[in-house]
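Written below as structure tokens is the structure these notes are about.
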Amino acid sequence: MIKSPRGTSDVLPPESAKWIYLEGIVREVARRYNFDEIRLPTFEHSELFSRTVGETTDIVEKEMYTFKDKTGRDLTLRPEGTAGVARAFVEHGMASGPLPRKFYYLGSMFRYERPQAGRYREHRQFGVEIFGSPSPHSDVEVITLAMDIAEELGLTGTELYINSIGCPKCRGPYKEALIAYLTPHIDELCEDCRSRLTRNPLRALDCKSERCKALVAGAPSSLDYLCGECKEHWDRFREILTAVGIPYTVDKSLVRGLDYYTRTVFELKWPPLGPAGSTLCGGGRYDGLVEQLGGPPVAGVGFGMGLERMLLANEKGEKPIQAGGEIDVFIVCPKGGEGEDKGFEREARLQELARAFRRKGLRCDFDPLQRSMKAQMKQADRMNARFVVILGEDEFRSRSASVRSMRHGWQKTVPIEEVLATIEEAGQNG
RNA sequence: GUGGAUGUAGCUCAGUUGGUUAGAGCGCCAGGUUGUGGCCCUGGAGGUCACGGGUUCGAAUCCCGUCAUUCACCCCA
């Protein structure tokens with residue numbers, strides 16, 4: 001048997017209804033914030049990611065789904081969303097248009113890693129990006145957007161962690177200071193961090209090994225090395241958060257695993273998900289990204305949000321999405337006997353009646369296999385039908401049908417032309 | 001990539017120290033009611049016991065390998 005590839009999953013009913021609801025929420029919140037949807041390719045030139053996300057990051061080093069197409073182009077299934085949006089922004093000359101520009105996207109991301117709770121090789125992400133605003137108001141705007149989504153989904157007690165990693169200007173001296181601090185302790189560092197020291201020293205900061213954590217606790221903080229402008233941005237950013245009443249925790253070890261970030265980085269966590277996968281959403285500022293991709297200097301800020309995790313959290317939260325469905329009408333129409341010309345005419349009326357309900361916007365179904373009345377009644381019950389219309393031989397002789405309320409149990413026979421009106425009226429009364 | 005746990009029916013799981021034809025509950029289909037759902041009763045369909053190899057007279061059971069699932073680590077959404 002062929003199964004879905006490792007780390008991927010099928011979303012089946014009734015679970016798929018939860019996804020429709022979830023996607024509706026994120027779209028709606030994005031709309032309120034005046035973000036427009038952007039739809040982009042699922043794969044890009046590999047170079048886009050290796051250059052922007054960074055050669056030394058885990059994503060590029062070991063997690064990309066990279067392949068060559070038939071003419072040898074080097075392509076990669078997108079591991080994250082921001083790089084592609086920035087690419088499109090530059091490609092379509094949007095820097096010359098009105099700024100700032102606000103986008104959201106919704107789609108699958110791919111990373112080759114071992115699956116576990118809340119982590120998949122293909123996962124769906126919602127993300128937003130604001131181009132052309134260096135203002136800390138935009139940092140706060142994307143954060144409140146994410147928090148509003150969490151709130152709509154009944155997640156109380158989300159925690160916001162923030163940090164600033166500065167710009168290329170202040171990062172140089174900071175890296176030097178960090179290396180100077182760590183080098184004397186090189187023998188105490190874990191193997192990974194030893195190689196990080198030369199390749200990407202910032203990454204040593206969020207190492208989970210106890211010894212490294214202890215060591216790093218005394219390490220210089222990027223916050224102490226911010227240049228004048230970055231410092232101003234950082235201070236103002238926190239002032240606004242405080243002013244609008246959003247609690248936050250400054251986490252000096254929060255660096256995020258992608259190279260394009262500058263200044264603000266943040267994560268929104270929901271502790272009940274457990275330490276392994278409690279990050280609902282992560283993002284930050286990427287002021288050099290557009291320029292790096294050949295565009296003019298245009299500031300940017302945004303986040304990516306893991307939708308599987310949002311759903312997982314929602315199920316544990318205070319407002320779990322209700323997935324069980326019901327239908328409005330089930331039409332019972334058992335197969336006709338020989339005496340009735342096999343019931344062919346009755347079957348034609350069945351199709352007409354079903355279509356009439358559907359055109360009125362009612363969810364309606366019937367049994368195409370024409371099983372016994374009992375079987376069809378069971379089917380109607382299983383589908384949680386509010387009403388059943390019985391189009392049986394007896395009724396049909398007098399051009400009528402029976403309408404039955406499955407909730408209340410009453411049943412009455414009315415002329416076929418009145419069936420629709422009868423149900424609409426009964427439906428009004430619950 | 002590293003470590004642990006687990007793979008038996010569509011689902012949740014039994015299966016004795018290795019011993020005939022592998023079971024239950026739920027679900028599905030049908031009948032009990034040849035025109036009426038839920039409750040009840042009866043019957044039926046459905047399994048290469050994850051896959052491959054080994055030990056044995058005999059393997060769902062023991063051993064090895066592979067794959068998958070899952071939890072944790074690394075890292076991340």
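Computed from the coordinates by the stated procedures, all read-outs in this text should not be read as laboratory data. If you're wondering where the values come from, they're calculated on a predicted model, not measured in any experiment. Heads up, the Cβs are rebuilt from the backbone with ideal geometry, glycines too, and the neighbour counts pull from every protein chain shown.
What to note about this one:
- Ranked by how many other beta carbons lie within 10 Å on average, peptides A:311-320, A:157-166 from highest: A:157-166, A:311-320
- For chain A, the direction-averaged projected area of the alpha-carbon convex hull comes to 28.7 nm².
- Set of lysines near A:Lys169 by C-alpha distance (under 22 Å), chain-local residues within fewer than 8 positions excluded: A:Lys231, A:Lys252
- Three-way shape call for segment A:93-185 based on the alpha-carbon gyration tensor, with the a/c threshold at 1.5: oblate
- Label point 7 Å beyond Cα of A:Asn34 along Cβ direction - residues of segment A:78-106 with amide nitrogen under 20 Å: A:94-105
- Cα-based helix-to-principal-axis angle, A:228-243 vs chain A, degrees rounded to 10: 40 degrees
- 31 Å Cα-Cα threshold exceeded, pairs from A:Lys335/A:Lys412; A:Lys3/A:Lys374; A:Lys342/A:Lys378; A:Lys175/A:Lys269; A:Lys18/A:Lys342: A:Lys3/A:Lys374; A:Lys18/A:Lys342
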